[in-house]
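Have a look at the structure below, then the notes.
The values are calculated or read from the model by the stated rules, or taken from the named source; none is laboratory data. Keep in mind that this is a model prediction, so the values were computed, not measured. Quick reminder, even Gly has a Cβ in these numbers, built from the backbone with ideal geometry, and neighbours come from all protein chains shown. Accessible surface areas use protein heavy atoms only, side chains included; no ligands, DNA or RNA. Shrake-Rupley method; radii C 1.70, N 1.55, O 1.52, S 1.80 Å.
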Amino acid sequence: MTVDFHKLDEETLGKLAEAFDRGRVPMSSPIEPISLQFLSHADHVAPALEALRMAGTSAAGIAAVCRMVVDERRRAFARAPKVSLVWTGPDGGAETEAYDTATVMKNLFERARRSVLVTSYSLGSGRRLFAPLAAQMEEYPKLDVKMIFDITLGHDQDIVKRGWKSTELEASFLKNFVARNWPSARLPALYWDPRTRLFDPRDGVGNGEFAPRVCFHAKCIVVDHEVAFITSANTSGAAQTVNIEAGVLVEDAALAKDLALQFETLISKGQLDRFDGALKE
């Protein structure tokens with residue numbers, strides 16, 4: 001029989017270790033609950049400790065085990081991913097620990113040193129949003145920034161009917177990106193999913209418009225393969241300020257690397273298109 005340590009908090013384990021170190025628990029006679037009155041789980045712990053005593057474990061040995069459990073718990077806590085709620089919009093008075101979406105994005109861009117991945121469905125007008133990232137690219141020339149968007153969003157039915165070529169869609173998107181979203185001469189690497197320009201000629205949305213068969217809907221940011229932000233919020237002003245949006249910020253290198261790898265693999269396999277030569281810096 002062993003001590004069910006997971007039922008003991010760190011303070012209790014510390015008290016137990018101190019008691020055995022100072023000889024407050026006699027080892028020459030059976031360990032009874034009465035000798036463990038300083039513990040909240042004395043009735044449960046006493047039989048287990050008695051089993052250890054009968055097995056020949058010394059008082060110093062039991063104290064050492066208690067401290068080892070405390071140390072391991074603290075190490076595990078330090079290793080555990082830190083997960084935070086991120087929110088845009090009214091909170092309804094909820095008493096929660098939620099971070100502001102715009103603040104989280106700004107902080108993420110400002111901490112970037114090696115790599116940034118940004119994916120979004122709706123681009124919106126994000127010049128102010130992307131300004132910290134553009135500044136980081138100027139300060140750190142080796143900073144690798146990849147952005148993936150749904151570049152067909154916003155084109156009306158007439159454009160669809162004309163069957164715009166990919167180069168025309170790219171040029172239209174870039175014009176908007178530079179004019180309304182990117183404040184620097186050095187552009188990030190821009191990608192898009194070519195499947196999104198395939199439209200279903202049937203009435204897919206109920207109002208006479210053509211419906212896209214596929215959309216690029218992922219919204220996330222990965223910085224330096226260390227931290228990942230997964231959110232419902234697009235990279236648009238409304239998503240940062242007035243919409244109701246929810247997301248999670250996860251400070252965990254394993255998850256961040258896996259998430260980035262999903263997109264990087266699509267790029268390496270040619271499943272996401274990079275803008276053609278006319279769109280390079």
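Data table
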item: Glu32 vs. criteria in contact with a helix residue (DSSP H, G or I) (Cβ under 8 Å, 6 or more places away or on another chain) and acidic (Asp, Glu); result: yes
item: When residues of the stretch 177-232 are limited to those that are in a strand (DSSP E or B) and small (Gly, Ala, Ser), the one modelled with the highest pLDDT; result: Ala228
item: Criterion violated by Arg73 - all others in (1) modelled with pLDDT of 90 or more; (2) more than 21 Å from Lys257 (Cα to Cα); (3) of a type outside the set (Asp, Glu) satisfied; result: (1)
item: Every pair of residues 6+ apart whose Cβ atoms lie under 9 Å, when the first sits in the stretch 8-22 and is touching a residue at least 24 places away in the same chain (Cβ under 8 Å) and over 13 Å from Val45 (Cβ atoms) while the second is open to solvent by 10 Å² or more (accessible area, probe 1.4 Å) and not hydrophobic (A, V, I, L, M, F, W, C); result: Glu10/Arg73; Glu10/Arg74; Gly14/Arg67; Glu18/Arg24
item: Count of the stretch 83-93 residues which are modelled with pLDDT under 90 and either closer than 24 Å to Glu226 by Cβ or surrounded by 12 or more Cβ atoms within 10 Å (Cβ to Cβ) (or both); result: 0
item: Count of residues meeting criterion [outside any helix (DSSP H, G or I), within 13 Å of Phe20 (Cβ to Cβ) and without any contact (Cβ under 8 Å) to a residue 24 or more places away in the chain] in the stretch 49-74; result: 1
item: Selection count where residues are open to solvent by 50 Å² or more (accessible area, probe 1.4 Å) and under 22 Å from Pro26 (Cα atoms), scope the stretch 55-81; result: 7
item: Members of the stretch 10-39 that are of a type in the set (A, V, I, L, M), within 17 Å of Ser58 (Cα to Cα) and open to solvent by 20 Å² or more (accessible area, probe 1.4 Å); result: Met27
